[in-house]
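For reference, the structure discussed in these notes is given below.
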Amino acid sequence: MGNYEEVPLILGGHSFFSTMGNDPIPSPAEAREIVSTCLDAGIRMFDTTLSPEKVALGRALEELGRRDEAYLIAWNFLTPMAPADSAERPTEFRPEHLDQLLSELRTNRIDALVIHDLDTGISDKYARMEALVIDWQRQGHITDLGFWSPDETTLARFEQHNPFSFMVRPLNAYNAAEVAPHFKVSQESLGWKTYACSPFIRGWFLDKMVAEGAASGVNKIQLADLLLRYSLFHPHVDKVITAIRRTKWVRPNVNSVQAGPLSEDERLLVETLVKAVQM
């Protein structure tokens, strides 16, 4: 993956699309500032799931003239969306989609492509997609291939046939016990890089944790730091994908990385707050 290992954070594409957060969608100028600040801070990997995210990031990098400093991740979400639209479903990759991806990202190559399977398990549509993206990779259009949220069946299948080099899956203080084994197998048995996402769980869940934490003197900024570090420094996690919708939030995220793993008291506090919200 070249020289893109400075900070183990990946800027999430949801930074650029309003349906995926409570904050207004950044303007093109704000998007440029976010991207530039991330690059300057050592965040050089950028995840783009939805088409509007690809368009926003591609435009920002082109206008900044900094495409070669960035490592771009794209997915099989290919339908144009308006900010008011509901969440998009994954699309089966077809040959013509390569040009769409390159055009939206304003690039001549994609550093990493994630397959989000359309059905449970390994489907016929998945098999067609795998063959197609491997062909794109052989042609030099794609560097790395990744898989979304593999389960036990999927991971067992890849022990025999493994075209991928990384996986993406939510791992946070809410679901770590359930999904941690998948990260361990992906990393140790398959040799994949492991990218966790959703460190803050969901907005409504985070808000409830903040309310619970107030009694312990923990505010939202402190809790966000704890949750990010919980995911990032969990065993068998290489990087965390997180949205950053304001330039002023870049440095606090980098500071969280530099703070290192949670102390035992911090870990217990996070787990206690999660349990309190679940009750």
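The values are calculated or read from the model by the stated rules, or taken from the named source; none is laboratory data. Just so you know, these numbers come straight off a predicted model, no measurement behind them. Using ideal geometry, Cβ is built from the backbone for each residue, glycine included, and neighbour counts are taken over all protein chains shown.
Identify, by number, the condition in (1) farther than 17 Å from L268 by Cα; (2) in contact (Cβ under 8 Å) with a residue 24 or more places away in the chain; (3) assigned to a helix (DSSP H, G or I) that M209 doesn't meet.
Among (1) farther than 17 Å from L268 by Cα; (2) in contact (Cβ under 8 Å) with a residue 24 or more places away in the chain; (3) assigned to a helix (DSSP H, G or I), M209 violates only (1).
Is one or more of the residues making up region 181-189 over 19 Å from the mean Cα position of the chain (by Cα), within 30 Å of H161 (Cα to Cα) and among the charged types (D, E, K, R)?
The answer is yes; a qualifying residue exists.
Can you name the residue in region 237-253 that is out of contact with any Ser or Thr (no Cβ under 7 Å at 6 or more places or on another chain) and buried (at least 19 other Cβ atoms within 10 Å of the Cβ) and is also farthest from K184 (Cα to Cα) among such residues?
T242
For region 241-257, how many residues meet the condition of being closer than 18 Å to Y195 by Cα and of a type outside the set (S, T, Y)?
6
Consider T153 against the criteria (1) outside any loop (DSSP other than H, G, I, E, B); (2) more than 15 Å from N76 (Cβ to Cβ); (3) in contact with a strand residue (DSSP E or B) (Cβ under 7 Å, 6 or more places away or on another chain); (4) touching a residue at least 12 places away in the same chain (Cβ under 8 Å): it satisfies all of them except one. Which criterion is unmet?
(3)
Condition check: over 21 Å from the mean Cα position of the chain (by Cα) and at pLDDT 95 or above. Does E69 satisfy that?
It is false that E69 is over 21 Å from the mean Cα position of the chain (by Cα) and at pLDDT 95 or above.
Which residue pairs have Cβ atoms under 8 Å apart, sit 6 or more places apart or on different chains, and have a first residue in region 1-23 that is surrounded by fewer than 24 Cβ atoms within 10 Å (Cβ to Cβ) and a second that is part of a loop (DSSP other than H, G, I, E, B) and at pLDDT below 55?
Hits for this filter: S18/P83; T19/P83; T19/A84; T19/D85; T19/S86.
Name the residues in region 186-205 that are of a type in the set (A, V, I, L, M) and either at positive phi or crowded, with 20+ Cβ neighbours inside 10 Å (or both), would you?
Scanning region 186-205 gives A196, I201.
Against the conditions (1) within 16 Å of the chain's Cα centre (by Cα); (2) not in a helix (DSSP H, G or I), where does N253 fall short? Just the number, please.
Going through (1) within 16 Å of the chain's Cα centre (by Cα); (2) not in a helix (DSSP H, G or I) one by one, N253 breaks only (2).
State which residue is nearest to the chain's Cα centre (by Cα) when the search covers only region 161-180 and only residues that are more than 9 Å from I201 (Cα to Cα) and among the aromatic types (F, W, Y).
The extreme case among them is F166.
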